[in-house]
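The values are calculated or read from the model by the stated rules, or taken from the named source; none is laboratory data. The model shown is predicted, which means the values in this text are computed figures rather than measured ones. Virtual Cβ from ideal backbone geometry, glycine too; neighbours counted across all protein chains shown.
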Amino acid sequence: MTQIPVVLEAVKTRRDNTITMTFGALELPPATMAAVFQQMNKYGFLAFKESEMNQGELDAVAAAAETFSDDPGKTPSKRLRGVLYRLWEKDNLGFSTFPAYYQHQMERLITHFKSQIENAL
């Protein structure tokens, strides 16, 4: 776990009801920078406090993070639906509504996996 003094600079809402938070930090030592870059694009947990955390608080945060799944609140099917929505935004394949696009893409996936079952027999 890396503790870095930061300033919360911006919070933006997204179309899918998630948020983006932007933090600014002063210059960091090379080892801390390396730790930060190793975490890029990884799922994690954020604890924000207006003063430095003591070891007991850091331990409590670590323990709380272990009780959560890798992606709380989103089942794999919800994640897939979100990805398909993003694809529909970029190229709707002629479908005027997302539900119609979603149904079409799910049928394609189902057909693909059913054919793998048939080929495996």
Subset of segment 21-52, residues in a loop (DSSP other than H, G, I, E, B) and under 15 Å from the mean Cα position of the chain (by Cα), comes to Gln39, Met40, Asn41, Lys42, Tyr43, Gly44, Phe45, Leu46
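With respect to Val61, determine if the residue is within 30 Å of Thr2 (Cα to Cα), at pLDDT below 85 and assigned to a helix (DSSP H, G or I). Walk me through it before giving the result.
Numbers: within 30 Å of Thr2 (Cα to Cα): yes; at pLDDT below 85: yes; assigned to a helix (DSSP H, G or I): yes.
For Val61, the condition - within 30 Å of Thr2 (Cα to Cα), at pLDDT below 85 and assigned to a helix (DSSP H, G or I) - is met.
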Could you please let me know if Glu9 is of a type in the set (Asp, Glu) and part of a strand (DSSP E or B)?
-> yes
Leu28 vs. criteria at pLDDT 85 or above, out of contact with any strand residue (DSSP E or B) (no Cβ under 8 Å at 6 or more places or on another chain) and assigned by TED's automatic domain parsing to the domain that holds Gln105 = no
Within segment 20-31, does at least one residue satisfy the condition of being surrounded by 10 or more Cβ atoms within 10 Å (Cβ to Cβ) and touching a residue at least 40 places away in the same chain (Cβ under 8 Å)? no
Restricting segment 1-20 to residues that are β-branched (Val, Ile, Thr) and closer than 20 Å to Met53 by Cα, the one modelled with the lowest pLDDT turns out to be Thr2
If you go through segment 95-111 one residue at a time, do you hit one that is at pLDDT below 85, under 20 Å from Asp16 (Cα atoms), surrounded by 11 or more Cβ atoms within 10 Å (Cβ to Cβ) and not basic (Lys, Arg)? no
